[in-house]
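The values are calculated or read from the model by the stated rules, or taken from the named source; none is laboratory data. Please read these numbers as outputs of a predicted model, since none were measured by experiment. Here Cβ is always computed from backbone atoms with ideal geometry, including for glycine, and neighbour counts include all displayed protein chains.
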Amino acid sequence: MNEYTVIGAEPAGIIAVVRILQALLNTTPNVMAAKKLAKKVCWIDPQFKVGAFGQEWRHVPGNTTASKYRAVYDDIFAILNVYGITSPDLSSFALYSEDREYPSLLETAAEPLRWMTAALQSLVTPMIGQAIEILGAINDFQIHLASGEIFHAKKCILALGGRAKGLPHADKTKIIPLEIALDRARLKTFMAKQSRESHSAVLVQGSSHSAALAVWNLLACGISVKQIMNKPYQYYAMQENSNGRVCSVNENTGLKGAVAQFTRALEAKTVYPHQWSYDILSPDQPVDYSPYDYIISAIGLEPVDSLSIQGVNSARLYYDHHTARTEIPGVFAIGVGYPLAAEDGSKNVGISKFWPDMGKVISYWR
Ligand SMILES: Cc1cc2nc3c(=O)[nH]c(=O)nc-3n(C[C@H](O)[C@H](O)[C@H](O)COP(=O)(O)OP(=O)(O)OC[C@H]3O[C@@H](n4cnc5c(N)ncnc54)[C@H](O)[C@@H]3O)c2cc1C
């Protein structure tokens with residue numbers, strides 16, 4: 001029987017496996033014992049290619065600084081060292097050799113994650129496949145794969161990822177998928193292939209980092225944009241508070257890096273002064289989608305619906321934003337589909353948040 005099954009090998013899944021390995025070091029008498037128990041961690045993913053972070057999103061400019069990624073990765077390399085895995089030559093990774101505050105693309109941060117994925121696979125029991133159903137209960141869950149194989153585990157950690165929230169009142173045939181809108185080269189090709197000519201601006205709904213990036217990509221492709229937001233753009237900043245302490249403002253919701261720089265110029269009308277316009281509508285105000293030929297939904301992510309757990313679809317699974325516990329004892333949910341809450345009530349997403357958050361919630365997984 002496996003102690004844990006971790007489903008998903010994206011950044012949250014990778015971090016979950018590392019936190020479990022770290023906990024084993026703290027609770028077993030020596031490394032040999034920890035290594036033996038590590039084999040009782042089953043790790044399932046169809047590809048082991050760092051999920052969307054390492055694939056669909058890899059050409060996206062992110063909002064995490066290189067030093068924040070490096071701080072997390074250095075901790076992970078140190079834990080792997082204890083398990084006898086020698087760190088790679090860090091200078092071979094652009095993340096360590098480039099001198100940029102924000103890596104230009106997520107691909108830069110994905111490179112070391114690919115190396116870690118392979119190293120972790122050698123320590124635990126990896127299984128290439130798609131989990132479709134979890135039956136049973138805590139201490140004897142049965143995890144069914146699409147291939148027909150069944151695994152048993154005492155506890156399950158779901159790191160399934162997320163998908164763009166839909167716009168229920170918009171015509172689905174007009175929607176440009178978010179993963180295309182966020183990749184400029186793919187967007188250009190996609191628009192060039194459309195048989196329908198667009199007679200209107202493209203509608204972008206949302207005011208997140210993804211929305212701002214989609215707007216930037218459209219404008220750079222020569223396409224006018226109408227944006228619908230429920231609040232104005234917010235920017236991340238470091239500010240001194242009344243006690244003289246410097247702290248971050250809009251840590252999770254604010255724009256950062258290259259996207260923030262572009263959006264500030266857009267708002268100041270120093271770039272594309274005639275090709276971008278926006279309206280701010282409260283979330284309960286209906287949007288009239290009919291004038292638009294193409295629509296992009298960038299209003300956030302929701303959990304994927306790839307798995308049934310005791311009959312509950314993964315997209316509708318209740319989870320606690322502070323502990324990662326779900327409505328099913330022994331099943332925990334993490335990552336971009338099930339983000340934990342930050343102190344200000346916003347959602348903690350991204351590698352530099354997953355690492356400390358999972359360090360806190362792992363105590364509930366025992
Ligand atoms: C515009 C943009 C900017 C971003 N900037 C940053 C940033 O600055 N810093 C940062 O850290 N992150 C950033 N991200 C990444 C993002 O926030 C997530 O952290 C990251 O993509 C991982 O979450 P995901 O939803 O993409 O999961 P995914 O990468 O989709 O991973 C989910 C994994 O689970 C697997 N899976 C799903 N269902 C099953 C199943 N039933 N059985 C087996 N396996 C399954 C999938 O195959 C996949 O491998 C950014 C993303 C975007 C879009």
Odd one out for Gln310, checked against (1) over 30 Å from Ile157 (Cα atoms); (2) surrounded by 11 or more Cβ atoms within 10 Å (Cβ to Cβ); (3) more than 18 Å from the chain's Cα centre (by Cα): (1)
Top-ranked residue in segment 181-225 [being among the basic types (Lys, Arg) and outside any loop (DSSP other than H, G, I, E, B); ranked as modelled with the lowest pLDDT]: Lys193
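Just the residues that are of a type in the set (A, V, I, L, M) and either more than 16 Å from the ligand (Cβ to nearest atom) or not assigned by TED's automatic domain parsing to the domain that holds Ser122 (or both), please, taken from segment 1-33.
Residues satisfying the conditions are Met1, Ile20, Leu21, Ala23, Leu24, Leu25, Val31, Met32, Ala33.
Could you tell me which residue of segment 51-74 is surrounded by the fewest Cβ atoms within 10 Å (Cβ to Cβ), considering only residues that are polar (S, T, N, Q) and within 8 Å of the ligand (Cβ to nearest atom)?
Gln55
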Residue in segment 2-11 that is assigned to a helix (DSSP H, G or I) and either touching a residue at least 12 places away in the same chain (Cβ under 8 Å) or of a type in the set (Lys, Arg) (or both) present: yes
Residues satisfying the stated conditions in segment 226-248, i.e. of a type in the set (Ser, Thr, Tyr) and assigned to a strand (DSSP E or B): Tyr235, Ser248
Candidates Lys36, Lys40, filtered to the one that is charged (D, E, K, R), away from the ligand (no atom under 13 Å from the Cβ), within 19 Å of Leu120 (Cβ to Cβ) and in contact with a strand residue (DSSP E or B) (Cβ under 9 Å, 6 or more places away or on another chain): Lys40
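Answer yes or no as to whether Glu251 is among the charged types (D, E, K, R), within 13 Å of the ligand (Cβ to nearest atom) and part of a loop (DSSP other than H, G, I, E, B).
So Glu251 passes the test.
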Qualifying position, being more than 24 Å from the chain's Cα centre (by Cα) and buried (at least 18 other Cβ atoms within 10 Å of the Cβ), among Val225, Val204, Val259, Val271: Val225
Residue selected from segment 274-296 under the condition assigned to a strand (DSSP E or B) and touching a helix residue (DSSP H, G or I) at 6+ places or on another chain (Cβ under 7 Å), by the criterion surrounded by the most Cβ atoms within 10 Å (Cβ to Cβ): Ile296
